[in-house]
1. Please find, among G368, G375, G398, the residue that is small (G, A, S) and surrounded by 13 or more Cβ atoms within 10 Å (Cβ to Cβ).
2. Among the residues in the range 575-584, are any of a type in the set (A, V, I, L, M, F, W, C), surrounded by 14 or more Cβ atoms within 10 Å (Cβ to Cβ) and closer than 19 Å to V431 by Cα?
3. Given the options A209, A204, name the one that is at pLDDT 90 or above, assigned to a helix (DSSP H, G or I) and surrounded by 18 or more Cβ atoms within 10 Å (Cβ to Cβ).
4. Could you look through the range 32-91, keep only residues that are of a type in the set (S, T, N, Q) and under 26 Å from E414 (Cα atoms), and pick out the one that is modelled with the highest pLDDT?
5. Of everything in the range 400-438, what is touching a helix residue (DSSP H, G or I) at 6+ places or on another chain (Cβ under 6 Å) and of a type in the set (S, T, Y)? Give them in sequence order.
6. Picking from V254, V286, which residue would you name as being more than 19 Å from E81 (Cα to Cα), in contact (Cβ under 8 Å) with a residue 40 or more places away in the chain and either under 30 Å from the mean Cα position of the chain (by Cα) or assigned by TED's automatic domain parsing to the domain that holds R186 (or both)?
7. If K357 meets every condition in (1) assigned to a loop (DSSP other than H, G, I, E, B); (2) more than 25 Å from the chain's Cα centre (by Cα); (3) crowded, with 16+ Cβ neighbours inside 10 Å apart from one, which number is that one?
8. What do you reckon, is A502 more than 26 Å from I574 (Cα to Cα), in a helix (DSSP H, G or I), in contact with a helix residue (DSSP H, G or I) (Cβ under 6 Å, 6 or more places away or on another chain) and small (G, A, S)?
Amino acid sequence: MSIQRPLGPIGYCSARLRRALAIEEEEALGRAVRVRKDVRDQVKDRKACGNRWSRSPNLAVPGAFHKRFVSAGGKVTFHFEFQAISKTSDGGCRIATPGGSKRLTVGAPAAHDAYIDRPEAVEVTTSPAGFDRYAVRPSATEATDGERAIFTNISQDPQERQAYWRAVHRHERTPGADRLTLVPERASRAAWRVLADAQDVPCAVRDVAAKFATDRGKRRTRAIPLNDLAIDRVAARKLAKTLASILGSTKGKVPVRLSEARGGRSQYRLTAEFPDGLDAAGRRAVTEAMCAELEEIGVMYVAAIHAPDHHNDRRNHHLHVACHDRPAKRMGDRWDFEITEPVEGQHERVRYPYAQKKIAEWSRDSDGGNYRAYGTASIADMRRFFAEQCNEELDRLGVTRQLHPGDLRSLGCERQAQKPLGTRAAPLDAVGVLTSRGIENAEILWSALLREAWTAAEERAKARADLRRRLLEAERLGAEGSVIDQARTASIRDLIARFDAASVVLQQHDAECAEYDVTLAMARARPDKTIAVCHRMLEAIEGGTADRAEQRAKGAIVARADEAEAFLAGITAIERDHAPVLTEHRTAVAKAQAAIDEITSAATALIDRPEPRRASKPARLDARSTLDALFDRIMKDDIPVLPPEGPVTEYRVPGVTRAEFTALTTPALAEMVRGVSPLSPTSRQNG
């Protein structure tokens, strides 16, 4: 449905900026950012080929780059990732990531040593030995007073550490064969019958499908080892897709999947982002605290602090930790878990007499709880500990912004969290090359910022409406009051007149200004990022710190920077065309908001002025007891009693209190005073 709303001068400029972008205008008017479908389809259909400098950018698509959300209390979230590496049946590695598990190339883990050191790396991770090399490489690690920030209880020799990781991976449990898993409930019996009759499907699969189609009792999920099918993983993946197309799906769940057997865990990896403002000493103190925790429970580890280079933002200091949960020590030229001895009476069977047990508390709940929930809680505890250590160091430095271990929602931010780009997509996205994940993140970010801008403007409008209502109520009450209240009412009427004049300006242009600011930031995000990355690369090339691939790509980098500059010039031209109107209305909005703030302050003193205290009603007078007390005081202190004189017809007692005087003149006691004089001898005797 088309969303119709009037556009002011600033709104027309915002609309023109949006037309320069590859987004849907109707969606934007509805406070949502959606990249045009044709652009999304191109990215989805295009095969990835070439590096980031040989692939064409699209600077008209907003980039997911913006300053981080900061709560009212100065708290920010941070990147903290924990990954586990396990052994596969062919001796390779599988890594568990937030986006699912990924498999590395079959072969020796050390063969992957160098690839992750490249910004255009095509894998999400590397082998255990390769990660050690990547994490502690001299070009990345930070140095304090000439000492590189490397912390380990394995060995200071990088070659020995890499040999340790290879040995750990080699001696971890090897899993069984991968398998094809068929789930009977996720397809109809008729579909299983069709599969059973398919001639181009392996016999083992057809036999299982025939049983699923004919068995009337309870049918169990069946797993067929790939060895029985005589196919490898690539062929098994294709076969799974073919079977899924024949069987269809039930409620989005496919009836056949490729299940990978998992072996022992050969490495855990932690990557944590240090907060901006933390100095080198603080980063070192935090890392030492993290390592001390690992040391205490016996974990083997290597940790490195990475300083940003020309591939990263200057604030990108982060911590890498690689660890293993089996304590180990050197015994001669080997590690204790490598030493074997034959088992007597069992041919070719050996045992490991010196291998230490894995640390149970690392991955298992001592109370027998669910291991997944326990692992999630353990990672949350590590994240919380890291944040606490960083915040202590930030306090030492007097930095008010601190890390928050929770998510955005726990900070009061309703934004949807962006998805990690990974080391393959992030370098592409940073120089204007589109990726599917980058588009998704851009839509998440800019939709949230657009909604927040409009919501904030609406909240300001509600606050103004509430203030005007209170002013009008105060004006009504003052008009009915005293002369002083009426004088105050005149001041309130003056405030209302000034308020209405400012409110008209804000009603017309406040929301449009908020929308314009977000739209401008959105239009500049991708070209600004591209230019910044290109300039860092070119500075590294000129300074001799770039690698050979970057030096060879210098011409392409210069061309990419020029392309981004040209796109940005188009955005600037749109701003320049509307500059007079923008300046006029933005200045008016700023003045109007300042006037509203001033009126709000002045109105608070008038509206919230405390009501004058009304005299409290005197307590009901007990005249008789007051007179009795007065007579006692007259007799005790010998107070003179004066007879009536002149027009005064009552006896007078100098120095009486107001309450006593009131009691003396109470009409109800007049007859008693006339009948029996309280000062007569009889009264004095009776008193």
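1. Numbers: G368 fails: surrounded by 13 or more Cβ atoms within 10 Å (Cβ to Cβ); G398 fails: surrounded by 13 or more Cβ atoms within 10 Å (Cβ to Cβ).
Just a single option satisfies the conditions, and that option is G375.
2. Looking for residues that are of a type in the set (A, V, I, L, M, F, W, C), surrounded by 14 or more Cβ atoms within 10 Å (Cβ to Cβ) and closer than 19 Å to V431 by Cα, one finds none in the range 575-584, hence no.
3. Only one candidate qualifies: A209.
4. Of the residues in the range 32-91, the ones of a type in the set (S, T, N, Q) are 42, 51, 54, 56, 58, 71, 77, 83, 86, 88-89.
Within this subset, residues satisfying the condition of being under 26 Å from E414 (Cα atoms) are 71, 77.
Details: S71: 84, T77: 89.
Selected residue: T77.
5. Selection gives T435, S436.
6. Values: V286 fails: more than 19 Å from E81 (Cα to Cα).
Only one candidate passes the filter, namely V254.
7. K357 satisfies every listed condition except (3).
8. On the way: more than 26 Å from I574 (Cα to Cα): yes; in a helix (DSSP H, G or I): yes; in contact with a helix residue (DSSP H, G or I) (Cβ under 6 Å, 6 or more places away or on another chain): yes; small (G, A, S): yes.
Yes, satisfied.
The values are calculated or read from the model by the stated rules, or taken from the named source; none is laboratory data. Note that this is a predicted model, so its numbers are computed, not measured. FYI the Cβ positions are ideal-geometry reconstructions off the backbone, even for glycines, and counts take in every protein chain you see.
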